[in-house]
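The structure appears below as structure tokens.
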Amino acid sequence: MYIPEHFKETNPARISALIESHPLGMLVTAPEGVPYVSHLPFIFERPAGTQGKLRGHMARANPQWQHFSIGSEVLAVFQGPDAYVSPSWYSSPGVPTWNYAVVHLRGKPRLIEDEFELEALLEQLTHVHESHMSNPWKPKLTGERRSKLLNIIVGFEIEITHIQGKFKLSQNRPLEDQQEVVEELNQSNNQSDTAVAKLMSGFIHDKS
């Protein structure tokens, strides 16, 4: 990914926060040079001293899991909020642009073939995504239902080897321009616009 120095993001907390708030990622493989993409929910685990792991599952009918092979790498892309930025908001000359935050994770995949490990993964994924619900749903896998569900999915984890974060948030503009962009985006009725404004405000606050 092309990342000018202004926009390079290496802060582990910011990277983890983006993935946690936008867990539906794009898993990219390229068997025989042809790109293949699946849109899947992930959990990002990052123990101290490691690049971390992504965990998830897909339908067994999805051929992408067959692209995994020993030593091969895959790419997972997580897109955060984005917003159009008009040059009319600047106090100095500029051009139209787009602000956004994105994280790319590259790593080596491993299939989760043990049924108990796969069941634990399902319970973990369910807990993470149901935890904010007033009445969280639980899998309650038993008997024939358990066997059927575990047979129609494939679990996997990706050991991360490389992390790239790009938070393009007008850092190359004067502070006055950045503050004006935040003001304009905060007036929008679009949730993505206001989310970008919030990210930008965090960067401006960190500098001050």
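Brief remarks follow.
- Any hit, the stretch 139-148, residues being under 26 Å from L18 (Cα atoms) and open to solvent by 20 Å² or more (accessible area, probe 1.4 Å): no
- Any hit, the stretch 110-125, residues being touching a residue at least 12 places away in the same chain (Cβ under 8 Å), in a strand (DSSP E or B), under 18 Å from M58 (Cβ atoms) and open to solvent by 80 Å² or more (accessible area, probe 1.4 Å): yes
- Among the residues making up the stretch 155-208, those that are buried (at least 16 other Cβ atoms within 10 Å of the Cβ) and in a loop (DSSP other than H, G, I, E, B) are L169, S170, Q171, R173.
- Test result for E73, touching a Lys or Arg at 6+ places or on another chain (Cβ under 6 Å), at pLDDT below 95 and either polar (S, T, N, Q) or more than 22 Å from K148 (Cα to Cα) (or both): yes
- Restricting the first member to the stretch 158-176 and to residues that are more than 11 Å from F203 (Cβ to Cβ), and the second to residues that are among the acidic types (D, E) and open to solvent by less than 30 Å² (accessible area, probe 1.4 Å), the beta-carbon pairs closer than 8 Å and six or more apart or on different chains are G165/E9; K166/E9.
- Evaluation of W65 against (1) open to solvent by less than 30 Å² (accessible area, probe 1.4 Å); (2) out of contact with any helix residue (DSSP H, G or I) (no Cβ under 7 Å at 6 or more places or on another chain) (one fails), failing number: (1)
Let's see how each residue does on (1) under 30 Å from S131 (Cα atoms); (2) without any contact (Cβ under 8 Å) to a residue 24 or more places away in the chain; (3) within 13 Å of the chain's Cα centre (by Cα); (4) in a helix (DSSP H, G or I):
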{"residue": "R14", "(1), (2), (3), (4)": "yes, no, yes, yes"}
{"residue": "A17", "(1), (2), (3), (4)": "yes, yes, yes, yes"}
{"residue": "V37", "(1), (2), (3), (4)": "yes, yes, no, no"}
{"residue": "G49", "(1), (2), (3), (4)": "yes, yes, no, no"}
{"residue": "A76", "(1), (2), (3), (4)": "yes, no, yes, no"}
{"residue": "A83", "(1), (2), (3), (4)": "yes, no, no, no"}
{"residue": "S88", "(1), (2), (3), (4)": "no, yes, no, yes"}
{"residue": "W98", "(1), (2), (3), (4)": "no, no, no, no"}
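- Unique match (being at pLDDT below 95 and either within 16 Å of H22 (Cβ to Cβ) or open to solvent by 20 Å² or more (accessible area, probe 1.4 Å) (or both)) among P87, P41, P47, P81: P47
The values are calculated or read from the model by the stated rules, or taken from the named source; none is laboratory data. No experiment lies behind these values; they were computed from the predicted model shown. When we count neighbours, we look across all protein chains shown, and the Cβ atoms used for this are built from the backbone with ideal geometry, even at glycine. These accessible areas exclude ligands, DNA and RNA; they are computed on the full protein's heavy atoms, side chains included. Shrake-Rupley method; radii C 1.70, N 1.55, O 1.52, S 1.80 Å.
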